[in-house]
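Visitor: I have a structure here, written as structure tokens, and I will follow up with some questions on it.
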Amino acid sequence: MIGDDVVEQFDAPLSSLAVVGGAVRGLLRKTPAQPVLPRRILQREAVLEAQAIDAYARLCGFSPEQGVPITWPHILSFPLQMRIMLGADFPYPAVGLVHVHNRIRQTARIEAGQRLNLTTRVGSLLAHDKGQAFALTTEATRDGQTVWEGQSIYLKLGPKGRGATVPELDAPSGASVLATWSPAPDLGRRYAAVSGDANPIHTSGLGARLFGFRRPIAHGMWTKARAIAALTPQAPLETAEVEAVFRSPVFLGDTIVLQAAPPVRTNNLFEVRDMGGTRTHLRGRLNLSPSLSSQPPEGPSS
């Protein structure tokens, strides 16, 4: 079920105290038998600050020639998502939610120095075998024109959920290794500093163990961004769409590989797997604009 629309302006970042308080309230609150998703619509104006973009881009493997990463507006909208999920009217505790799917669509070039108006809202309930999923969507406009859209799907573990099924993706055919990475043990803390996502499963050994992980895991959106950086050409994107299904965690310190069938083309499928090829961490689909799809990325990197 979904409640009535409530539009709010977001004009300040969430303080650490607000985050902790919201997380505690969520853990103490019992999930209702028939959850109602709030129709909260949060809006903010965001400036594309070059210094912040550069720090994020370097950590995710983007080159200066690639311009503003297609994933950057997601970073700008993440505080809006957190404010929704930490709200007293949200039926699920934010602590323990799992990011299982992310889709981004860009329809015009985005450049540093520009201003975007971001609108984030609660989407629908979605069915998942491991619990109840739900969507949060964001639209970014510039001068009244939509230039970017994103959807994040989160999972509340428990009985099988209801609603439309969470999207899945096929494995790539004829894929070969394009890149190999070993996320450093401090990557979680460094990514938290540039993204604002300081979930302890990524930043703390103790926090990771409290949630059942033997050591900290990489942010799923870092893994997605790292793959996009390797798969897209050395030029700013005009239009593109990229979708990712997060299938299993990447433990910091492990070696992972990017697999795809080059050259990158329309609706190209890719995977991020463990070094032995037995576990899929991320499965993705990249659709570049026609003007860019004929330009393959550079060769394998490490």
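Visitor: Output the number of residues of the range 97-128 satisfying the condition of being open to solvent by less than 50 Å² (accessible area, probe 1.4 Å) and of a type outside the set (A, V, I, L, M). Show your work before the answer.
Guide: Taking the range 97-128 as the starting set, the residues that turn out to be open to solvent by less than 50 Å² (accessible area, probe 1.4 Å) are 97, 99-102, 104, 106-108, 110, 114, 116, 118-120, 122-123, 125-128.
Checking the rest, the ones that are also of a type outside the set (A, V, I, L, M) come to 99, 101-102, 106-107, 114, 119-120, 123, 128.
Count: 10.
Visitor: Looking at (1) surrounded by 22 or more Cβ atoms within 10 Å (Cβ to Cβ); (2) under 18 Å from the mean Cα position of the chain (by Cα), can you tell me which one Glu241 breaks?
Guide: Here Glu241 meets the rest and fails (1).
Visitor: How do the pairs read when you match residues in the range 60-84 that are of a type outside the set (A, V, I, L, M) with residues anywhere that are part of a helix (DSSP H, G or I) and open to solvent by 20 Å² or more (accessible area, probe 1.4 Å), using Cβ under 8 Å and keeping only pairs 6 or more apart or on different chains?
Guide: Cys60/Arg226; Gly61/Arg226; Gly61/Ala230; Pro64/Asp54
Visitor: Out of the range 157-168, which residues are over 26 Å from Glu241 (Cα atoms) and surrounded by 15 or more Cβ atoms within 10 Å (Cβ to Cβ)?
Guide: Correct list: Gly161 only.
Visitor: Whether any residue in the range 138-145 is of a type in the set (A, V, I, L, M, F, W, C), touching a helix residue (DSSP H, G or I) at 6+ places or on another chain (Cβ under 9 Å) and surrounded by 22 or more Cβ atoms within 10 Å (Cβ to Cβ) is what I want to check.
Guide: yes
Visitor: Please find, within the range 176-216, the residue that is surrounded by the fewest Cβ atoms within 10 Å (Cβ to Cβ) out of those that are over 20 Å from the mean Cα position of the chain (by Cα) and charged (D, E, K, R).
Guide: Among them, the one singled out is Arg214.
Visitor: Can you tell me which residue within the range 65-87, out of those that are under 21 Å from Pro35 (Cα atoms) and out of contact with any helix residue (DSSP H, G or I) (no Cβ under 6 Å at 6 or more places or on another chain), is surrounded by the fewest Cβ atoms within 10 Å (Cβ to Cβ)?
Guide: If we filter the range 65-87 for residues that are under 21 Å from Pro35 (Cα atoms), which is where we start, we get 80-87.
Then drop every residue that is not out of contact with any helix residue (DSSP H, G or I) (no Cβ under 6 Å at 6 or more places or on another chain), which leaves 80-85, 87.
Details: Leu80: 24, Gln81: 22, Met82: 23, Arg83: 21, Ile84: 22, Met85: 21, Gly87: 19.
Out of the qualifying residues, it is Gly87.
Visitor: Between a residue in the range 140-160 that is closer than 19 Å to Val95 by Cβ and any residue that is open to solvent by 40 Å² or more (accessible area, probe 1.4 Å) and assigned to a loop (DSSP other than H, G, I, E, B), which pairs come within a Cβ distance under 6 Å, given they are 6 or more apart or on different chains?
Guide: Short answer, once both residue conditions are applied: Leu157/Lys130.
The values are calculated or read from the model by the stated rules, or taken from the named source; none is laboratory data. On a predicted model such as this, the values are computed, not experimentally measured, just so you know. Cβ sites come from the backbone with ideal geometry, for glycine too, and all protein chains shown count toward neighbours. Surface accessibility is based on the protein's heavy atoms, side chains included, excluding ligands, DNA and RNA. Shrake-Rupley method; radii C 1.70, N 1.55, O 1.52, S 1.80 Å.
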